[in-house]
Amino acid sequence: MGPYHPEYGVATGWDVETALDVEAVHSMAPYAHIYLVVGFNPVDVANALFEAIDYVVSSDLANVTSMSWGGPENLFGESGFYYSGFLNYPYADYYFALGAAEGISFFAASGDEGAYGGTPTTYGSVLFPASSPFVTAVGGTTLYVNVTSGSISRMNANATYSYEEAWSISPDYSGETVSSGGGYSTLFPKPWYQMGVGSSVFRSVPDVAADANPYTGFVVLVEGQKEVVGGTSLATPLWAGMTSLLDEYLNEPLGLLNTYLYRIYQNASLYSQAFHQVSFGYNGAYYASRGYNLVTGLGSPDLPALAQAIKSLPPQLGVAVTLGGSGSSFPQFYYGSTVSVGAAITYPNGTLVTSGSFTAYVYNSEGEYASVPLSFNGSEWVGSFTVGSGAPPNTWSVVVEGSSGGIEGSGGADMQVGLSVVIVQPVPYPYGPPIPPNQPFTVTAAVTYPDGSPAINASVTALFERNGVPIFNVSLLPVSDEPGVYAGGYALLPNLPQGVYTMVVDANLSGQLGETYTYEYFGEALLISTIITPSLDALPSASPGQTITLYTESLSASGGGVFTSNVTAEFFSPDGELAAKVYLKPAPNEVQYGILNLFFLQEANFTVPANFSAGFYTVVFNSTYDGSSGIEQGVYATALYISNKELAYRVQAPSEALEGQTLNVKAWIYYPNGTQVTRGVFMLTAQPVNYNFESYIFEENTGVPMQYSTNAAAWVANITLPSVLKGGFYAGLPQGYLSGAWDLALTGESSGGVQAQQSYAYLNVLPYTYVDIHMITPSNLSSTPLIANSSGLPLLEGVGATNLTLSGVDLTLRGDYLDGLTVEGGSQIVLVDSTLSHINILDSKVTVIGSTVNGGGVGVSLTDSNLTVLSTTFNNLTYAYNPLNSTIQSVDNTYSGVSNISTLPTPTFKLTTPTTITGTLTRIKLVVTGSQLRVIGVTINGEPVNFSVTPTSGGVQLSVPFSSSSNPDGVYTLGVTVSSGLSYTHAFNIVNLYHQTTTYYLLGGLGVLGLVLGLIAILLVLRGRRAAATGGPS
């Protein structure tokens, strides 16, 4: 609508709201036709929004409308439909009523700043349009789920409903007390459907609730970036999306959903089935409880049961109410006017109701004003009443109720009574400056008739009240040359209390009354009042014995008081008793807690006393400044949950990891009685030990949610460590901090606000960048992360990987950490200065230099491959190598804690010929016993010689040519080298005595022959002598 300026959305943050609304609706109703209506008005944002509502209704654009915006009623300071071209809330309320009659369901956020709505008072702090009777106001919860599969942090979880609590007060948002908005309207009387709910005569907010806590929130894509978003700005489109499903299921537009919801509430059985009742939580003024409450309304839906509950409700008459007689296009009436009431009443089948009993009930801020019997005039049911003098002005509600043929029905419309009054100044704090005490200030207001013309010569007074008690008033007089404008001045006297006042501006012109109000703040401003607790997650809290930090900035109207104001913080117990008082002092000009420089602020550390019982404590910051204009006082209220016990837990995580690696972490969390915690919000954060003092910052930016796994009976999370590839928030850290000593910190709280105090699990991050890649081939080599060229060759340096396969590539890897490496397909790989485990080599060539091989089992398996290993250490392995038809060259390696060098047995060598040769020998034979043996070579005295090999069942037999007769005698060294993957060399000393033995035998033979001949000669001599003696021949 109007010019399209998307840059305005980016500058103001509406881009996030817009993305959230559309994506949340779509997540609930993916087949719904979604219109995005973007209003634009350069003069007034409210006009743009109200004009958008007009457009939706006038064009009957959709069945369901979601509005994640609003403003506190106490900031409007206006009554009537419009003033000088500026539209007012009755204008939007009028179109909400028309739209509801058309069948449009409107939803609006109840707000994210609790019962105060971002103002210093709870009076009138509920947000409009959520407070309109024709809108379903949506509050916020903290949602706990049962994850059945997948991961929340990876956004692929499947989950079932577990439990909900109210999105409760968080005092750590620097001056914003964040929680589900809720309370009582000051503009709208109690609508007919809320009769019997609560004791107030005004509209109660919210009506329902849904997930809103950012810690259990919604991932939205904004301009290409993922953000986690919460707030009732999330809860509202969730309800809108679900209502479109109800319309589809019931095959009709439901229109004002509240009429169905509160009928269900009146039926205890239906209510217990259709809603999740919320019984724990606090928004700064009101507690959650079963049934209806001012934090979460009726609760959150069980959508299928809600659909069935609506379907089971008895049919009702359709009642569309119109009001006439105002004399203008909008129903704003003078006092003394006769208001005509018309009601078009139809049966469920759409036919006109012509008989029955129907009454129009008129309500204003004082309760029921009149009841008007209606009669059928042939086309509709009619009646009338008169706006009597002295009745309260502004919004009146007319409700028509009755029955016909046993079928009941009701419907309503709003009207405005009296003059329109607009407060021009002063602008309430913190949207304008506080009003200094003892200093003059001016109240300006404009008064007009219902037709917009200025009301001249009216009696106008500004009444200042505290807690409903009048304190002083200011008479406003006509401003010259500005018809209908009135002004008056005053100064808050020293004897009057400072702080928040309700300023009610009343106008009276000849019995025509008008009224509006806002609040004003007198005294010193207290800015960014904050409480930092040990647990800053879904419900910031502390327990006795823990220390919290409080800080605030005090600023007087004159600009003083920053260092000289006296500031205290008072703790009030859940029953309203003063429990403690803490004195704050100026903070030094230095960084504290590693992250905060609180200079110009006042601060205090406070240890929660042992006598603090569990519950929500109201914390009131008070300041006093004695300045040149007198005493100035300031006040700011927030709240804090005190838990009287702490959770115990145990974290299971790897003791070592790589930069960029994703860790699977488990935690077992227990209540003090030993019962396991299964519902809660817990965050897991990884951070360098040197940065533990910034744990809050790291958690906010990098923490991941844990989820309870019923299968593991534990809380689980996947957390990814930073690296040069995934710096993100860590990008500014020194490079060396990405590795080394890190901690895993778990924080959070269970349902019911029992917290887990932060502690740490130690993690050693190794200096390698994890790359999530499992195959490198020629096709993806150049695109592999961190790949580089060294002397023209690809180099992968400083990385870590698991189960990496290198296929068909030539690559050098240096300084890497590889847990599971496969080399295949003819690759040629050089591994230098790396840490390795479980290497598998297939048909490739690998060189390992100066590295370490760990891991148990087998260090290196290789098939049909060549491996060269130099100066490498093998640690704690059963086998260093498992070779198959491969060759390993091992030089200067160290084997520590290695049971066996190879899976194949060490070969044994045995000569089958004598080691001493004395006879003729032509071949030396030996047997080598082993597996997968291959003879590399044989040497004799270092010189290679020929040999022949004959396989045997247990190894091989070698036959080495050697001629004992041709080779001289002496010692011969026979060297045999075989391989079963690894090379083994064995040496034998063989003595050749062939020639010596031959000579010996020759000489020995001659000696024997000489002996024989000698003996023969002796015998012959003896015979000759014997013959001579007997006279025989001589």
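Quick note: the coordinates plus some simple rules give every number you see, no bench work behind them. This structure is a prediction, so every number in the text was calculated from the model and none was measured. Counting neighbours? That spans all protein chains shown, and the Cβs are built from the backbone with ideal geometry, glycine included.
Take the alpha-carbon centre of segment 383-417, take the same for segment 109-150, and report the distance between them in whole Å.
Using only Cα atoms to place each centre, the spacing works out to 28 Å.
When DSSP beta bridges are limited to those with both residues in the chain, what percentage is antiparallel, rounded to the nearest 5?
On the way: 224 of 312 bridges.
Taking every DSSP beta bridge within the chain, about 70 percent pair in antiparallel fashion.
Suppose every Lys and Arg Cβ carries +1 and every Asp and Glu Cβ carries -1, with no other charges. What dipole size does segment 648-767 come out with about its Cα centre, to the nearest 20 debye?
Using Cβ point charges on Lys, Arg, Asp and Glu, segment 648-767 gives about 300 debye.
Give the shape of segment 6-312 as rounded, prolate or oblate, defined through the alpha-carbon gyration tensor: a ≥ b ≥ c are the square roots of its eigenvalues, a/c under 1.5 means rounded, and otherwise the shape is prolate if a/b is larger than b/c and oblate if not.
Working: a/c = 1.22, a/b = 1.13, b/c = 1.08.
Judged from the Cα gyration tensor, segment 6-312 comes out rounded (a/c under 1.5).
Report the one residue of Y486, I528, I456 whose Cα lies farthest in the direction of the positive end of the charge dipole of segment 453-534 (charges on C-beta: Lys and Arg +1, Asp and Glu -1; origin at the Cα centre).
Ranked along the dipole, the leading option is I528.
From the square roots a ≥ b ≥ c of the eigenvalues of the alpha-carbon gyration tensor of segment 525-640, which class results: rounded (a/c under 1.5), prolate (a/b over b/c), or oblate?
oblate
Could you point to the residue in S357, V25, L256 farthest towards the positive end of the chain's charge dipole, with +1 and -1 charges on the Cβ of Lys/Arg and Asp/Glu respectively?
V25
Give, rounded to the nearest 20 debye, the magnitude of the charge dipole that segment 363-479 has about its Cα centre when Lys and Arg contribute +1 at Cβ and Asp and Glu contribute -1 at Cβ.
520
Can you spot the lysines whose alpha carbon is less than 24 Å from K910's alpha carbon? Ignore those fewer than 8 places along the same chain.
The reachable lysines, counting only those whose Cα sits under 24 Å from K910, are K925.
Classify segment 1-143: rounded, prolate or oblate, from the alpha-carbon gyration tensor (a ≥ b ≥ c, eigenvalue square roots; a/c under 1.5 rounded; otherwise prolate if a/b is larger than b/c)?
Rounded, since a/c falls under 1.5.
With each run of n ≥ 4 DSSP H residues scored as -39500 (n - 2.57), what mean residue ellipticity at 222 nm is computed for the chain after dividing by its residue count and rounding to the nearest 500 deg cm²/dmol?
Counting only the DSSP helices, I get -4500 deg cm²/dmol.
Run the dipole for the chain about the Cα centre, Lys and Arg Cβ at +1, Asp and Glu Cβ at -1, nothing else charged, and hand back the magnitude in debye, nearest 20. Each step should come with its number before you reach the end.
On the way: 24 positive and 70 negative charges, 1354 e Å.
In total the dipole reaches around 6500 debye.
Among I631, G183, A507, whose Cα sits farthest toward the positive end of the charge dipole of the chain (+1 at Cβ of Lys/Arg, -1 at Cβ of Asp/Glu, about the Cα centre)?
Farthest towards the positive end: G183.
Pairs K581/K645; K190/K311; K581/K666: which exceed 32 Å Cα-Cα?
Correct reply: K581/K666.
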